[in-house]
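Step one of this worksheet: look at the structure below.
The values are calculated or read from the model by the stated rules, or taken from the named source; none is laboratory data. Note that the structure is a prediction, hence the values are computed from the model and not measured. Cβ: placed from backbone, ideal geometry, glycine included. Neighbour counts: every protein chain shown. Only protein heavy atoms, including side chains, enter the accessible area calculation; ligands, DNA and RNA are left aside. Shrake-Rupley method; radii C 1.70, N 1.55, O 1.52, S 1.80 Å.
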Amino acid sequence: MCDVLIVDDDFMVARAHERIVAQQVGFTVVGVAASGADALAQIVDKAPHLVLLDMFLPDMTGLDVIRRAREAGWAVDFLVLSAAREAEMVTAALQGGIVSYLLKPFKIIELQSRLAGYAERRRLLDRAGDLNQSELDRVIAPACAVPSTGAISTLPKGLSKETTALTTAALANSKPDLAASECAELLGLSRVVARKYLEYLVSTGQAVVSLRYGQTGRPQRRYAWLVG
């Protein structure tokens with residue numbers, strides 16, 4: 001699981017972000033902060049893996065939070081969610097080592113895609129063994145990236161990159177396997193749509209399908225992640 005701290009002084013916005021994160025497979029919200037000082041205190045107390053950070057806070061900027069966290073040596077990643085679009089602020093945030101920068105207002109699926117990309121990044125870096133060039137590219141890709149695969153840019157008609165990325169993340173973080181109905185529940189899709197995306201991952205060699213036989217009825221198709 002990836003522990004997430006949400007930092008935004010707008011209560012309604014913070015709650016909206018909390019709901020999105022809570023619905024994302026592999027993520028859990030460990031705290032919500034409305035100020036920079038509270039954010040820094042919760043980083044120390046709760047040790048989140050990822051902070052969803054607004055740039056405009058009542059007591060300091062998001063850049064101050066990033067800088068103080070880095071100076072203190074805290075191992076935490078930052079994903080900026082802000083209306084701030086000034087080049088100087090974006091540059092400073094990138095130099096601070098953020099993993100993504102998403103301008104407000106944004107669509108829910110855009111944040112879901114950033115989270116899915118972050119989950120893939122953590123999966124690659126947390127495993128044992130060396131990384132190949134393709135995996136390194138996925139780890140240090142531009143911060144807008146959703147989980148990338150060799151075939152994702154040439155999707156069949158009717159499939160979207162965003163939903164493919166979300167399905168990829170759901171499957172990669174499910175052990176040992178996942179049924180279409182379970183994937184549908186995780187992502188808020190219909191079972192038919194979820195199965196279409198899972199079968200696509202099988203067709204590209206990123207996943208494998210097996211049959212699980214029950215007492216009655218047809219066997220259930222179970223999907224397992226293969227890449228990496």
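Taking the stretch 159-188 as the range and being outside any helix (DSSP H, G or I) and in contact (Cβ under 8 Å) with a residue 40 or more places away in the chain as the test, the residues that pass are L159, N173, S174, P176, D177, L178, A179, G188. Any residue in the stretch 73-88 that's among the hydroxyl-bearing types (S, T, Y): show its pairings with residues that are open to solvent by less than 80 Å² (accessible area, probe 1.4 Å) and assigned to a loop (DSSP other than H, G, I, E, B) at Cβ separation under 8 Å, as long as the two are six or more apart or on different chains. Matching pairs, first to second residue: S82/D54; S82/M55; S82/K104. For the stretch 166-189, filtered to residues that are of a type outside the set (A, V, I, L, M, F, W, C) and open to solvent by less than 20 Å² (accessible area, probe 1.4 Å), the residue that is modelled with the lowest pLDDT is S174. Going residue by residue through the stretch 85-105, is there one that turns out to be within 24 Å of L166 (Cα to Cα), open to solvent by 70 Å² or more (accessible area, probe 1.4 Å) and modelled with pLDDT under 95? Among the residues of the stretch 85-105, at least one is within 24 Å of L166 (Cα to Cα), open to solvent by 70 Å² or more (accessible area, probe 1.4 Å) and modelled with pLDDT under 95, which makes the answer yes. Total residues in the stretch 15-53 satisfying the condition of being modelled with pLDDT under 95, of a type in the set (A, V, I, L, M) and part of a helix (DSSP H, G or I): the figure is 4. If only residues of the stretch 210-228 that are open to solvent by less than 60 Å² (accessible area, probe 1.4 Å) and over 15 Å from L171 (Cβ atoms) are counted, the one that is modelled with the highest pLDDT is P219.
Hey, can you tell me all the residues within the stretch 58-72 that are assigned to a loop (DSSP other than H, G, I, E, B) and either open to solvent by less than 60 Å² (accessible area, probe 1.4 Å) or touching a Phe, Trp or Tyr at 6+ places or on another chain (Cβ under 7 Å) (or both)?
Just the residues of the stretch 58-72 that are assigned to a loop (DSSP other than H, G, I, E, B), to begin with: 58-60, 72.
Selection gives M60, A72.
For the stretch 117-126, the criterion of being open to solvent by less than 40 Å² (accessible area, probe 1.4 Å) and at pLDDT 90 or above is satisfied by no residue at all. For the stretch 3-25, the candidate set comprises residues that are buried (at least 19 other Cβ atoms within 10 Å of the Cβ) and more than 14 Å from L111 (Cα to Cα); within that set, the residue that is nearest to the chain's Cα centre (by Cα) is L5. Name the single residue that is farthest from P219 (Cα to Cα) among those in the stretch 181-204 being within 21 Å of the chain's Cα centre (by Cα) and of a type in the set (D, E). Among them, the one singled out is E185.
Just one of (1) without any contact (Cβ under 8 Å) to a residue 24 or more places away in the chain; (2) open to solvent by 20 Å² or more (accessible area, probe 1.4 Å) fails for S35. It is (1).
Considering only the stretch 193-203, state which residues are touching a helix residue (DSSP H, G or I) at 6+ places or on another chain (Cβ under 8 Å) and either free of Cβ contacts under 8 Å to residues at least 12 places away in the same chain or not basic (K, R) (or both).
Step one: of the stretch 193-203, the residues touching a helix residue (DSSP H, G or I) at 6+ places or on another chain (Cβ under 8 Å) are 193-195, 197-198, 200-201.
Within the stretch 193-203, V193, A194, Y197, L198, Y200, L201 qualify.
Of everything in the stretch 190-209 that is open to solvent by 60 Å² or more (accessible area, probe 1.4 Å) and at pLDDT below 90, the residue that is farthest from S160 (Cα to Cα) is V208.
Can you say whether F56 is of a type in the set (F, W, Y) and more than 20 Å from the chain's Cα centre (by Cα), as far as the supplied structure shows? The answer is yes for F56.
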